[in-house]
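The values are calculated or read from the model by the stated rules, or taken from the named source; none is laboratory data. Predicted model, so just to flag it, every value in this text is computed and none were measured. Reconstructed Cβ throughout: ideal geometry from the backbone, glycine too, with neighbour counts over all protein chains shown.
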Amino acid sequence: MLSLAGPLSPCSRQARHLPLWTPGGRRATRPEGNRGGKLSASRLKLSFSTRCSSESSDVSSLTSTSLLSREDWDARHKRRVLQEVAEAGVKLGYCKEDMYANFDVMDTLFLGFSPNMDKMKASEWAEMSMSVNKVMNNVMAIKMHFSELDVKRLLEKNPRIIMKSPSDLERDVEQVKFFLAEAKDIDALIQEVPDLLSPEVTVAVLSTFKRWWPKKDPVEALEEDPDVLRRAQEKDVPLDPVFFDGKAWNAPSHNSKGKLQSWQKYIRKEVYNEKDWDNGAYYNGNNT
């Protein structure tokens, strides 16, 4: 690692390679471009000066870069991201100035907000910037249900939910609230796992947790250690598959004859209008 605090000049290091012969008689490396010939004093001076100038420039550049603060690095990264988004938006026919202006509005409302390119493509972020009124309305709708939720974190971690239609968003939020009704602090839980605002993710997570810990309530297990989802993702451990049958998101385990959880009952009873229950066990009339 290069230390910038010492008195060593980059030129002094080059001086050790200048003589063609060392005092001990061992041949040293000739400068590039003069193999087999003699170096004149003027050429030697020019070569030495050029190398010193080049290394001094490199050190100066490294010094100025290393002194950047974390805020400066974040600002540079944000400018590059916004530029990429703006270029993608121009290809879609959007006005670059309008996109920058709308992102300024979002940055004012959600201090420090920056598009997360891992969650949506540049073209999708460009579309969001041109739908700023829709974004604001959906954010207010979400805050009405989850008043303690950090919306900036939601925008960065699960931005697609902000782009849903108001009716779809309201439907999804109501389902998620019912599925997680037994949570002690649903706002804090969604804060830790913003993807839970998508009902398909919530169903997959609860189904998986029920399989992992069959004797424990899945919502309770999720609240105890929400970070387990991140660790599972890092280890490429998949969640239970879910499917949308035209009415609701469902998981194969929902068809079990065993005792159902409240969130499973909700799907069966409210979505499918099935009311044949016996001590919490579901029967479709054909089961024996």
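Overview of results
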read-out: Test result for VAL90, modelled with pLDDT of 95 or more and either farther than 21 Å from ASP195 by Cβ or touching a Pro at 6+ places or on another chain (Cβ under 6 Å) (or both); value: yes
read-out: Selected residue [buried (at least 17 other Cβ atoms within 10 Å of the Cβ) and modelled with pLDDT of 90 or more] from LEU189, LEU239, LEU229, LEU260; value: LEU189
read-out: Considering residues of the range 137-147 that are touching a residue at least 12 places away in the same chain (Cβ under 8 Å) and in a helix (DSSP H, G or I) only, the residue surrounded by the most Cβ atoms within 10 Å (Cβ to Cβ); value: ASN138
read-out: Residues satisfying the stated conditions in the range 212-250, i.e. assigned to a loop (DSSP other than H, G, I, E, B), of a type in the set (D, E, K, R) and either in contact with a Cys (Cβ under 8 Å, 6 or more places away or on another chain) or under 18 Å from GLU192 (Cβ atoms) (or both); value: ASP217, ASP225, ASP227
read-out: Matching option when the condition is of a type in the set (Val, Ile, Thr) and under 15 Å from the mean Cα position of the chain (by Cα), among VAL151, VAL132; value: VAL151
read-out: Some residue of the range 148-165 being surrounded by fewer than 15 Cβ atoms within 10 Å (Cβ to Cβ), modelled with pLDDT of 90 or more, more than 19 Å from GLU224 (Cβ to Cβ) and of a type in the set (D, E, K, R); value: yes
read-out: Per-region count, the range 89-116, residues of a type in the set (A, V, I, L, M, F, W, C), touching a residue at least 40 places away in the same chain (Cβ under 8 Å) and more than 17 Å from LYS157 (Cβ to Cβ); value: 0
read-out: Scope the range 190-211; condition closer than 22 Å to GLU148 by Cβ, among the hydroxyl-bearing types (Ser, Thr, Tyr) and in a helix (DSSP H, G or I); matching residues; value: THR202
read-out: Matching option when the condition is in contact (Cβ under 8 Å) with a residue 12 or more places away in the chain, closer than 24 Å to ASP195 by Cβ, part of a helix (DSSP H, G or I) and of a type in the set (D, E, K, R), among LYS119, LYS134; value: LYS134
read-out: Residue list for the range 174-211, filter: closer than 24 Å to MET130 by Cβ and in contact with a Leu (Cβ under 9 Å, 6 or more places away or on another chain); value: PRO194, LEU197
read-out: Residues satisfying the stated conditions in the range 154-171, i.e. closer than 22 Å to PRO238 by Cβ and of a type outside the set (S, T, N, Q); value: LYS157, ARG160, ILE161
read-out: Residue pairs meeting the criteria (Cβ under 6 Å; at least 6 apart or on separate chains; first on the phi < 0 side of the Ramachandran plot and touching a residue at least 60 places away in the same chain (Cβ under 8 Å), in the range 157-183; second of a type in the set (Ser, Thr, Tyr) and surrounded by 14 or more Cβ atoms within 10 Å (Cβ to Cβ)); value: PHE178/TYR266; PHE179/THR202
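Yes/no per residue for (1) among the hydroxyl-bearing types (Ser, Thr, Tyr); (2) closer than 19 Å to GLN191 by Cβ:
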residue	(1), (2)
SER123	yes, no
MET128	no, no
ASN137	no, no
GLU148	no, yes
PRO159	no, yes
